Amino acid sequence: MAKVYAVANQKGGVGKTTTAINLAACLAEAGEPALVIDLDPQANATSGLGERANGTSTYDLLDGASLQELAKPTKFPNLHLIPAKPDLAGATVELTQHSDGETYLRQALSTGTEKYSFVFLDCPPSFGPLTVNALAAADRVLIPVQAEYYALEGLSQLVHSINLVKARLNPRLAVGGVLLTMVDGRTRLSADVEAEVRKHFGELVFTQTVPRSVRLAEAPSHGLPAIAYDRRSRGADAYWKVAMELVERA
Ligand SMILES: Nc1ncnc2c1ncn2[C@@H]1O[C@H](COP(=O)(O)OP(=O)(O)OP(=O)(O)O)[C@@H](O)[C@H]1O
Ligand SMILES: [Mg+2]
């Protein structure tokens, strides 16, 4: 059975998409079939993998089409994608108009995920209906935390929201890992934030952190995950090690 990970944090720009596509790419390369479902109308996971939704998309998945039909191979072996288009923003409204609208994604994932080891749901930067759908469908939440001063502020709110979804919609939901991103090893601030996050979340925090890296920031503009863009970069190396930790935890 596939393990389904929602990559979520209502805070914008913390590394959700970078984490989703790079972990998926590393796992795929390690021989673990992976699927990325782009749940963000910004479609950054789609473009970050060099794809474009010119036909079906995540919108259709929420609209009842089968996952098997919608998941398309990418140019990376073992890595499939259900792309997003801006029309996904409209789904946000529609999902709230149906009493079971919070579990549409879970229903869609009930068949067709068997051939994957890992499924990553790249969430938008809000705690709206798309993120609620992701948490209702997921086994685990991965929380990227940017190593900067305000990082901790939204975290207790996020954990509270995760617990609400767990209680109301998805009892098996658990935090699967907290990942420190954009860590700048030279600054005291990064070290302080890391210490603070580790104190609070303990073993949930991945041992490996992701450094702030120009190569990681450049890769999506080439439509490539870091291991394909520059395999020897620090960013690629970091995500590879996080992926291996994830395999151990799974
Ligand atoms: N470790 C890193 N080092 C340098 N740049 C990074 C790193 N991780 C992500 N970035 C860049 O920071 C920006 C935000 O990252 P990303 O898109 O992954 O965040 P996000 O949480 O998905 O954002 P959003 O909330 O808008 O969906 C992107 O331009 C990305 O390329
Ligand atoms: Mg994103």
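So here's what we get for this one:
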{"read-out": "Filtered residue count, region 204-228, keeping only those that are without any contact (Cβ under 8 Å) to a residue 60 or more places away in the chain, under 15 Å from residue 182 (Cα atoms) and within 16 Å of ligand 2 (Cβ to nearest atom)", "value": "1"}
{"read-out": "Subset of region 26-49 (residues that are charged (D, E, K, R) and within 16 Å of ligand 1 (Cβ to nearest atom))", "value": "38, 40"}
{"read-out": "Region 46-63: number of residues that are open to solvent by 40 Å² or more (accessible area, probe 1.4 Å), part of a helix (DSSP H, G or I) and not polar (S, T, N, Q)", "value": "2"}
{"read-out": "Selected residue (only one of 20, 43 is under 30 Å from residue 147 (Cβ atoms), crowded, with 24+ Cβ neighbours inside 10 Å and touching a residue at least 12 places away in the same chain (Cβ under 8 Å))", "value": "20"}
{"read-out": "Residue pairs meeting the criteria (Cβ under 6 Å; at least 6 apart or on separate chains; first in contact (Cβ under 8 Å) with a residue 40 or more places away in the chain, in region 164-180; second assigned to a loop (DSSP other than H, G, I, E, B))", "value": "177/206; 179/206"}
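The values are calculated or read from the model by the stated rules, or taken from the named source; none is laboratory data. Quantities reported herein were computed from a predicted structural model and do not represent experimental measurements. For neighbour counting, all protein chains shown are included, and Cβ atoms are generated from backbone atoms with ideal geometry for every residue, glycine included. Note: accessible area is taken over every heavy atom of the protein model, side chains too, but ligands, DNA and RNA are not part of it. Shrake-Rupley method; radii C 1.70, N 1.55, O 1.52, S 1.80 Å.
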